[in-house]
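The values are calculated or read from the model by the stated rules, or taken from the named source; none is laboratory data. Worth saying up front: this structure is predicted, and the values here are computed from it rather than measured. No Cβ is skipped: glycine too gets one built from the backbone with ideal geometry, and neighbour counts run over all protein chains shown. The area values use the complete protein model at the heavy-atom level, side chains included, leaving out ligands, DNA and RNA. Shrake-Rupley method; radii C 1.70, N 1.55, O 1.52, S 1.80 Å.
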Amino acid sequence: MAENKVRFNLKNVHYAILTETVSTTGVVSYSYGTPKAVKGAVSLDLSQEGEVSPFYADGITFYRSISNNGYSGSLEMARFSDEMMKDVWGDTLGSTSKVLTENSNTEPKSFALLYQIDGDADEELYCLYNVGGTRPNIGSETNEETKEPKTQTSDITAIPLGDGRVLARTTADTPSATKSGWFNTVFQES
């Protein structure tokens with residue numbers, strides 16, 4: 001298959017709750033819940049986080065270190081689902097009232113973010129392994145001559161796991177079996 005020349009069209013956004021387990025010997029392992037779809041992907045805008053630090057010797061840049069601290073930016077959706085609000089941000093649903101309640105004392109959970117970006121030759125499938133996000137914004141506007149949907153945005157950061165993994169992405173050479181199961185489980189190299 002040919003490699004993409006361009007990319008466009010964000011879709012198939014999924015999240016999977018991250019669980020970090022530390023063994024009695026201190027070994028950290030990572031596991032994920034089953035990925036859940038969130039319909040209504042509008043945009044994902046992430047910028048790399050990290051710095052270039054030069055070391056000078058002999059009157060020149062003798063060595064430079066480049067850090068990879070992941071990505072930060074925003075995820076815009078038509079609307080974040082009630083299920084994601086409960087799973088990630090800890091909102092609770094009243095058993096009788098069925099009212100969703102936010103509590104400032106609840107810590108949000110980390111999650112993997114899986115998504116697809118189409119290309120001119122093939123889709124590219126992505127997985128950010130350790131994502132945290134702010135509660136989505138709330139807003140609306142009055143209707144005028146036309147109805148325009150108001151989107152929601154969460155500011156997100158994707159930081160490295162303890163083993164250094166940040167992101168996985170399929171390529172033109174990725175086997176179809178790997179691609180077809182991408183949204184069933186969080187990809188982990190075996």
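Miscellaneous remarks
- The range 105-167, accessible surface, carbon-and-sulfur percent (1.4 angstrom probe): 44 percent
- Residue-averaged 222 nm ellipticity for the chain, from DSSP H runs of 4+ at -39500 (n - 2.57), nearest 500: -1500 deg cm²/dmol
- Carbon/sulfur fraction of accessible area - the range 26-78, other protein chains in place, 1.4 Å, %: 50 percent
- Karplus-based coupling profile of the range 53-70, in residue order and whole Hz: 10, x, 10, 9, 7, 6, x, 9, 6, 7, 7, 9, 9, 10, 9, 10, 9, x, with θ = phi - 60° in 6.51 cos²θ - 1.76 cosθ + 1.60 and x standing for Gly or Pro.
- Cross-link pairs exceeding 32 Å between alpha carbons, from the set Lys98/Lys179; Lys5/Lys147; Lys109/Lys150: Lys98/Lys179; Lys5/Lys147.
- For the chain, built as a Gaussian network whose Cα springs stay under 10 Å, the top-fluctuating residue of Thr19, Thr146, Thr178: Thr146
- For the chain, accessible area per residue (1.4 Å probe, heavy atoms of protein chains only), Å²: 64 Å²
- Whether the range 1-87 is rounded, prolate or oblate, judged on the alpha carbon gyration tensor where a/c under 1.5 counts as rounded: oblate
- In sequence order, the range 127-137 has phi-based couplings of 9, 9, 7, 9, 10, x, x, 6, 4, x, 5 Hz under the Karplus curve 6.51 cos²θ - 1.76 cosθ + 1.60, θ = phi - 60°, and Gly or Pro positions carry x.
- Once the Kirkwood radius over Cα pairs is known for the range 123-190, the Stokes-Einstein relation at 37 °C and 0.692 mPa s delivers a diffusion coefficient of 215 µm²/s.
- Just checking the listed ones, Leu44, Leu100, Leu167: in the Gaussian network model of the chain with Cα springs under 10 Å, the one fluctuating most is Leu100.
- Local electrostatic count, Ala16, Cβ distance below 10 Å [Lys/Arg +1, Asp/Glu -1]: 0
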